[in-house]
Each structure stands twice: as structure tokens, then as C-alpha cells.
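Enquirer: Here it is, the structure in full.
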Amino acid sequence: MKFHWLRLLGLGLALWLGMGAAHALTPADALALVAGETDDRITTLNRLASGSDDKAAALIQAMADERVRVVGERVLMVQGESAVDAVTGEALASVPEEAEDVMVNNRLRSAMETALAGMQLFGAPPERQREAAQSLQRNAFDEPDASQLPLINKALAGELDAQARQTLELARAAVRLASEDEAQRLAAAEKLGEARQAIVRPLLLQRLETEERAPVQAALKASLAALDRSLAISSALGQAFTGLSLGSILLLAALGLAITYGLMGVINMAHGELIMIGAYATWLVQSFFREALPQWFDWYLLVAMPLAFIASALVGAAMERTVIRFLYGRPLETLLATWGISLVLMQGVRSLFGAQNVGVENPGWMSGGVTLMGNLSLPWNRIIIIGFAVAVLVGVTLLIGKTRLGLFVRGVTQNRPIASCMGVNTARIDTYAFALGSGIAGLAGCALSQIGNVGPDLGQNYIVDSFMVVVLGGVGQIAGTVYAALGLGVLNKLLEGWAGAVLAKIAVLVFIIVFIQKRPQGIFAMKGRSAEA
């Protein structure tokens, strides 16, 4: 019995030593890596990279750093003035004069970068794993080589980030698609078809042109058909999301105008500049947080939103008190006066902050996005702006419909003399209502600063669209403003994909003109006494 256990122990020790010898760097491996045909060197490189020998890893890294010399059959790694034998680890005080450089061509350098990326997968943070997996995938897609499989399989056997694992599985399928084994090609074609990613389409098409076996051809065609269906659905959903995002921006820009123009009847051509003031207020808050409170930078937007509202509301209140209140009932004079104010505001901003655009950085929690169906990416900043537009809409609706201020605004806009007879200070309500509409424009500017640059001309890009939304939806109808903003946003993006941005804009304008000719009151007609006034 004792003899039996000793034999088992001896056998295990022999197997352990044998495995160690199989993975250790040998003089033959080192020479095969630094000299010979490129194909043989790449095969040796991938075999060593898939192992776990530290000396092999150090030699590959030294080759990538161009620190390897050869003396006879010895491979040396140069470290400053000294050198180390790559196999034995023997240190040399100086590099022998007869040492020769190792030639590394572009193909071998690319293979080394891929091998190093694969070696860095183990124990690396998720971000580094994703980068390394992307490098392996690119190499597998561009130059599929069966010698890469051991390294990919070893990485997949360990603990990996989910996204890095998915990327590596595609890399393995790409290598197997070039295999001589029909079963492997068949499985790879099915695997790549399940990926639902556009990057695999050229790979499948390329293989279909050279594939001779009917079963594999059928699998490739089925995968391509499934992939095309998935891409078409993703494209349609992406356009719908983009249209919804544009609609939410139009809604934010037009909500304030729905109050100043829709309820009060003021043609405010400076509405775009009130949006611009809100965007600049956001930029100022961001700059302050970056300089004074960098540890709280991710939360600057929570401070910027109320300040953007207040800044635009104060400017709007000043406009109403000093200019507009003397022009009620005179639309042409109001239009000209507010257009002049818009020019003054733009020049004032140019004088204060310069004519160049300024950049507003997204907070960390608004960066990145969410990926759906493998190839549909939805940015977080767009998603959050859609939610913000909904929140502003709900707030404005409650303010107008449920509060005392909203009751006074509705009373004054529907019948000013009667409201005045009831004791309502109509002049003060006008100022409050105009400041409210201007403040909402400031919130729109705060949102717009998160998706583009901020400049003195920012508001000019939205003033015409805002008026179109209010007129199409029905003057004085917030519900109509919502339908018009979302409808125009989706319609515009759908037409852009078919006819281009310019023709889409023209088509939308023609549609609005024709619609207003047939239905001058807009989507929702005003009813009751306000309509009769």
C-alpha cells in the first residue's frame, strides 16, 4: 500500500515537471521567436503568449520595445548598458559587441501588439480588458490565424468583463470561420450571425464568396439575412429615437414661446437669445465648479438649471417692463422691437465672452450610453434631455392649470378688462407670465448646452422652429405644442434619412404651410371665450 502511494506521488511530480517544461521558455523557442520566417515566428509568438511563463512574457515585451539582441544562439534582453539572457536569466555587465539586432517587420509587430493585448487581459480592470479584447478582435477580423486560438481560449477560460468576453467570442468565431474544418466554419457562421453587429457583415460576405461547401453557404446566407433584418430594425429605431430627441429639444425651446406668444400674443423675436442666455449661465456655472469645486464637478448641472432659469427670467422681466408692456396690441412694433433686442443681446454676449463658441462638458453620469440589440447606441445625455423635457412640460402644465398664478395668467389672457375688474393686477401678471416663458427658454438653453457648443448665435438656430411648433400646434394650446414638437422632430429625422437635411427642412416647411392653409387654427383650436375675443 505504501509502495502504491509512493508511485502515485512520483507520477504526479513527473507530470507537474513535464507541464512546467512544456510552458517554460527554451533556447529553441527564443531563437524561433527572434529569427526565421515570419509565419513561424508568429506561430511561436502565439504559443508562448498563450502560456504562463514569465520569461516568455518578458521576451515578448522586450521585442515590442526593440530591446532584444542575438549573440550566436543566445538571446539577450538589453537593459541600459547591461543585458540579461532571456532563457537562463544570467545577467551580463555589458552587451557583447558582436550582438546583432532582431528584425521585426510590420506584420510581426502587429502580431506582438495583439499578443501583448491578450496577455494584459488577465487580472486587468474592465476598461483595459475591453481595449485588449478589441485589439484581439481587430487582428482576428483582419488576419485570422489559427495560432491565435490558444491565446483567445485561455483568455475566455478566465474571469472577464461581459463586454470583453462577447468581443473575444466574436474574435474566436472569426478565426474559426477561416478554418479548414467544415464543422468549425459552420459553427462560426452561426455564431457570427447571432452577434447582430454590423462589423461582422463584411466578414460573412467575404467568406460567402470563397466558401464551397453547401451547408456552410446556407448558414452564411441565413446569418446575413438575420443580420440585415436586425440592422434594418435598429436603424428604424435609431431614427425614431433621434426624432424623439429632436422633438424634445423643440418642445423645450417652444414651451416658453407657447406662453409669451401663445397666451400673451407677444411675437418675441428675442426668444432664441433667452435660450442663449440660459446656455451661457450653464457654462459660467460649469467654469466656476471646475475652478473652485472640482470635487463636485459632476453635480454642477443641478446648480446650473435654476440659475439658467433665473437669468433668462430676469432678462425677460426687464424686457417686458421696459419695452414690451408699451407695445401690447401692436404686433408689428413688438416684432421689430424684440428683433432689435435680440441683436443687442447677441452683441452684448460677444463683447463679454467673445465671438467664439465655448464648450460645456457633460457630467460623468451623462456620458456614455446604453447599447440595445447589439448595434443601437442611445446616448445618456439625449435620454436625460427627453426626461427633462417631460419634467418641464409637467411642471408648466401644473403651474398654468393648478396654481393661483396660472389662474391669473389664464384670466388675464382670456379677458383682461374683467380680470382687472376682479382686482387682478394685470400689469404684474403680464410681467410674471413673460418672465416664466423666458425662464423656460433658459432651461432649454441649459439642456442644449449638453449636446452642442454654446455661442452667441445659438438661439438663431431654434427661433424659427419654435414659432413653427407653436403655430402648428395651435396658438395658446400647450397640448398642441407637445404634439407639434414631437411630430415635427420625428418627421424631420425620417425625411433626413431619405432626402438629406436641406430637403427635409424644405419638405417640413412646405407641409406646415399647406397644413396651416387647410387648418389655420393649428392642430388644436382654441375654444370658449378666448376664441371669441
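Enquirer: Do we find that residue 495 is under 28 Å from the mean Cα position of the chain (by Cα) and among the aliphatic types (A, V, I, L, M) in this structure?
Expert: Values: under 28 Å from the mean Cα position of the chain (by Cα): yes; among the aliphatic types (A, V, I, L, M): yes.
Yes; evaluated as a whole, the condition is true for this residue.
Enquirer: So residue 457 ticks every box in (1) within 24 Å of residue 239 (Cα to Cα); (2) at pLDDT 85 or above; (3) open to solvent by 20 Å² or more (accessible area, probe 1.4 Å) but one. Which box is left unticked?
Expert: Only one criterion in (1) within 24 Å of residue 239 (Cα to Cα); (2) at pLDDT 85 or above; (3) open to solvent by 20 Å² or more (accessible area, probe 1.4 Å) is unmet by residue 457, namely (1).
Enquirer: Suppose we filter the range 89-109 for residues that are of a type in the set (Gly, Ala, Ser) and open to solvent by less than 30 Å² (accessible area, probe 1.4 Å); how many remain? Before you say what the answer is, go through the steps one by one.
Expert: Taking the range 89-109 first, the residues of a type in the set (Gly, Ala, Ser) are 89, 91, 93-94, 99.
Okay, now just the ones that are also open to solvent by less than 30 Å² (accessible area, probe 1.4 Å), so 99.
Of the residues in that region, 1 qualify.
Enquirer: Report, by residue number, each residue of the range 298-314 that is surrounded by 16 or more Cβ atoms within 10 Å (Cβ to Cβ) and either among the acidic types (Asp, Glu) or in contact with a helix residue (DSSP H, G or I) (Cβ under 6 Å, 6 or more places away or on another chain) (or both). If you could, list the steps in order and put the result at the bottom.
Expert: Step one: list which residues in the range 298-314 are surrounded by 16 or more Cβ atoms within 10 Å (Cβ to Cβ), which gives 300-301, 303-305, 307-309, 311-313.
Passing the criteria: 300, 303, 304, 305, 307, 308, 309, 311, 312, 313.
Enquirer: Okay, next question. Filter the range 44-88 for residues that are assigned to a helix (DSSP H, G or I) and open to solvent by 20 Å² or more (accessible area, probe 1.4 Å) and give the result. Even if it seems obvious, please write down each step before you answer.
Expert: Here is the first cut: in the range 44-88, the residues assigned to a helix (DSSP H, G or I) are 44-50, 54-64.
Answer for the range 44-88, where residues must be assigned to a helix (DSSP H, G or I) and open to solvent by 20 Å² or more (accessible area, probe 1.4 Å): 47, 50, 54, 55, 57, 58, 61, 64.
Enquirer: Hey, residue 94 hits all of (1) assigned to a helix (DSSP H, G or I); (2) more than 32 Å from the chain's Cα centre (by Cα); (3) over 24 Å from residue 188 (Cα atoms) but one; which does it fall short on?
Expert: That leaves (1) as the condition not met.
Enquirer: Within the bounds of the range 323-331, is there any residue that is without any contact (Cβ under 8 Å) to a residue 40 or more places away in the chain, surrounded by 15 or more Cβ atoms within 10 Å (Cβ to Cβ), among the β-branched types (Val, Ile, Thr) and farther than 24 Å from residue 406 by Cα?
Expert: Taking every residue of the range 323-331 in turn, none turns out to be without any contact (Cβ under 8 Å) to a residue 40 or more places away in the chain, surrounded by 15 or more Cβ atoms within 10 Å (Cβ to Cβ), among the β-branched types (Val, Ile, Thr) and farther than 24 Å from residue 406 by Cα.
Enquirer: Could you tell me how many of the residues in the range 397-428 are farther than 11 Å from residue 263 by Cβ and open to solvent by less than 20 Å² (accessible area, probe 1.4 Å)?
Expert: So the count comes out to 1.
Enquirer: Please count how many residues of the range 365-405 are at pLDDT 85 or above, of a type in the set (Gly, Ala, Ser) and within 21 Å of the chain's Cα centre (by Cα).
Expert: Residues meeting the conditions: 2.
Enquirer: Also, I was wondering about something else. Please note which helices (runs of 4 or more DSSP H) are completely contained in the range 393-457 and include at least 1 residues that are in contact with an Asp or Glu (Cβ under 6 Å, 6 or more places away or on another chain).
Expert: Numbers: elements: 404-414, 416-421, 426-448.
So the answer is 426-448.
Enquirer: Filter the range 356-382 down to residues that are open to solvent by less than 70 Å² (accessible area, probe 1.4 Å) and in contact (Cβ under 8 Å) with a residue 60 or more places away in the chain, then give me how many there are.
Expert: Just the residues of the range 356-382 that are open to solvent by less than 70 Å² (accessible area, probe 1.4 Å), to begin with: 358-360, 362-364, 366-370, 374-376, 378-379, 381.
Remaining after also requiring in contact (Cβ under 8 Å) with a residue 60 or more places away in the chain: 358-360, 362-364, 366, 374-376, 378, 381.
Of the residues in that region, 12 qualify.
Enquirer: If you take the residues in the range 110-142 that are assigned to a loop (DSSP other than H, G, I, E, B) and in contact (Cβ under 8 Å) with a residue 24 or more places away in the chain, which one is surrounded by the most Cβ atoms within 10 Å (Cβ to Cβ)? Write out each step before concluding.
Expert: Residues of the range 110-142 assigned to a loop (DSSP other than H, G, I, E, B): 120-125.
Checking which are in contact (Cβ under 8 Å) with a residue 24 or more places away in the chain leaves us with 121-122.
Values: 121: 26, 122: 14.
By that ranking, first place goes to 121.
The values are calculated or read from the model by the stated rules, or taken from the named source; none is laboratory data. Since the structure is predicted, the reported quantities are computational estimates derived from the model, not experimental observations. We place every Cβ from the backbone using ideal geometry, glycine too, and count neighbours over all the protein chains shown. Just so you know, the surface numbers come from the protein's heavy atoms only, side chains and all, with ligands and any DNA or RNA stripped out. Shrake-Rupley method; radii C 1.70, N 1.55, O 1.52, S 1.80 Å.
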